[in-house]
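K.L.:
One structure coming up, written as structure tokens, with questions to follow.
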Amino acid sequence: MCSNANSKRDIAIITNQEANKVDIIDLKNQKVTSQILVGKKPAGIVVDSSDNTIYTSNPGSNNISKINLTNFDQKLLFAGKSPMGIQLERTEKILFVSNWFENQISVVNTLTNKIISKINVGKFPAGMYLTDSNLLFVAIKGENKLTVINSKSLEIVKRISVGKAPYGVFSSSETDLLFVTNVQSNTVSIINKKTLELIKEVDVGSWPYQTAFNKNTKLLYVTNQRDNSISIIDTKEYTKIKTLYDVCEYPEGIDISYNENLIVVACWFEDNIILLDLKSYDLIKKIKVSGGPRSFGNFILEGYE
């Protein structure tokens, strides 16, 4: 997309569920640079920085879009019906996909475009997180559980009780903690990724959707859909310390650009994303997108060129 060696920048990849498009946003220049037509009702997103490839789950067309951001080549992968959450094992390019209505996880070899296994996990699997130690955590919304799977053997390791209607599962390599958004109990479950024990349920706003972990401050930002707010949790003390109100209408996906000092939030009902200053939380800019932005997953690609 850019040939200048000094043109590296962070980009945000926004899935737009109503427009059936992915928008690419240059966070340095704070503008939309590309819009890509994908499958129907795109929601989930995975970014592979090793080869500038992204994957979106398209529940409306029962497939996955695999897009090379260097040449914008797109392939459609079948990964079972009603794909929602997606996670990628980046070495072997194995994609894990939660199939909402099939109550399964599809395991897909993205190089051959073949489903190599299916795992029964429970009623209405949604968000997932894959750790560096080969553990796949799956939110089971219909059973108030978190299913833990060994991503190599594909065996279920443990089932953990969490809050009511868990939907999102998030973490980062910079923390031993895992965060589960429970949309009907208005809580975030904090779990130790190593011991697989529940540490605490933290009250947040109404219908928490997604989280972003600040590796520098150890603060967790939680989007609350029906409160139009962001809760801030101190992950060292496991307590909510602040709420940012009226950030936008129906905030969903949230991620952090450290290079640009920004918190990026997808605002579903406003058809835009907002950029907040990472330190002051001041609103920097609103950027119009295609329509119905969600970006369910980590959606910022650092150092894109």
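The values are calculated or read from the model by the stated rules, or taken from the named source; none is laboratory data. Keep in mind that this is a model prediction, so the values were computed, not measured. Cβ atoms come from the backbone with ideal geometry, glycine included; neighbour counts cover every protein chain shown. Accessible surface is based on the protein model in full, side chains and every heavy atom, while ligands, DNA and RNA are left aside. Shrake-Rupley method; radii C 1.70, N 1.55, O 1.52, S 1.80 Å.
K.L.:
Using only the C-alpha atoms of segment 232-305, find the volume of their convex hull and express it per residue in Å³.
P.N.:
Hull volume normalised by residue count: 114 Å³.
K.L.:
Over the Cα atoms, compute the radius of gyration (one decimal) and Dmax (the largest Cα-Cα distance, rounded to a whole number) for segment 102-143, in Å.
P.N.:
Final numbers for Rg and Dmax: 11.3, 33 Å.
K.L.:
Continuing with this model, one more query. What figure, in Å² to the nearest 10, do you get for the accessible area of F78 with a 1.4 Å probe and non-protein molecules left out?
P.N.:
Its accessible surface works out to 110 Å², give or take rounding.
K.L.:
Please give, to one decimal in nm, the separation of the simple spin-label points placed at N261 and Y281, each 7 Å out from Cα toward the Cβ.
P.N.:
Roughly 1.8 nm, to one decimal.
K.L.:
Compute, for segment 76-177, the length of the dipole vector about the Cα centre, with Cβ point charges of +1 (Lys, Arg) and -1 (Asp, Glu) only. Units Debye, rounded to 20.
P.N.:
So the magnitude is around 360 debye.
K.L.:
In a shell of Cβ-Cβ distance under 11 Å around T33, excluding T33 itself, what net charge do Lys and Arg (+1) and Asp and Glu (-1) give?
P.N.:
Surrounding charge for T33 is +1.
K.L.:
Let me ask something additional. Would you list K141, K123 from the most to the least accessible area, probe 1.4 Å?
P.N.:
Descending accessible area places them as K123, K141.
K.L.:
To two decimal places, what compactness ratio does segment 40-153 give when its Cα radius of gyration is scaled by 2.2 N^0.38 Å?
P.N.:
Here the Cα radius of gyration is 0.98 times the empirical estimate.
K.L.:
Which entries in the list K40/K286; K164/K200; K81/K193 go over 20 Å, if you measure between the two C-alpha atoms of each?
P.N.:
K40/K286; K81/K193, as the Cα separations exceed 20 Å there.
K.L.:
Could I ask something else about it? Normalised by the empirical 2.2 N^0.38 Å for globular proteins, what value does the Cα Rg of the chain take?
P.N.:
0.91
K.L.:
Let me ask something else about it. About the Cα centre, and with charges only on the beta carbon of Lys, Arg (+1) and Asp, Glu (-1), how big is the dipole of segment 1-93? Nearest 20 debye, please.
P.N.:
Computed about the Cα centre, the dipole is about 160 debye.
K.L.:
Let me ask something else. Looking at L69, V169, I233, which one has the Cα that reaches farthest to the positive end of the dipole of the chain (charges on Cβ: Lys, Arg +1; Asp, Glu -1)?
P.N.:
V169
K.L.:
For segment 1-81, just say rounded, prolate or oblate: build the C-alpha gyration tensor, square-root its eigenvalues into a ≥ b ≥ c, call rounded for a/c under 1.5, and beyond that prolate if a/b exceeds b/c, oblate if not.
P.N.:
prolate
K.L.:
Over the heavy atoms of K286, what accessible area does a 1.4 Å probe trace out, to the nearest 10 Å²?
P.N.:
Accessible surface of K286 is approximately 100 Å².
K.L.:
Related question: Please compute the modelled spin-label separation between N29 and K194, points set 7 Å along Cα→Cβ, answer in nm with one decimal.
P.N.:
A separation of 4.5 nm, rounded to one decimal place.
K.L.:
What distance in nm lies between label points placed 7 Å from Cα along the C-beta direction at T91 and T175?
P.N.:
2.6
K.L.:
In square nanometres, what is one fourth of the surface area of the convex hull spanned by the alpha carbons of segment 25-64?
P.N.:
3.4
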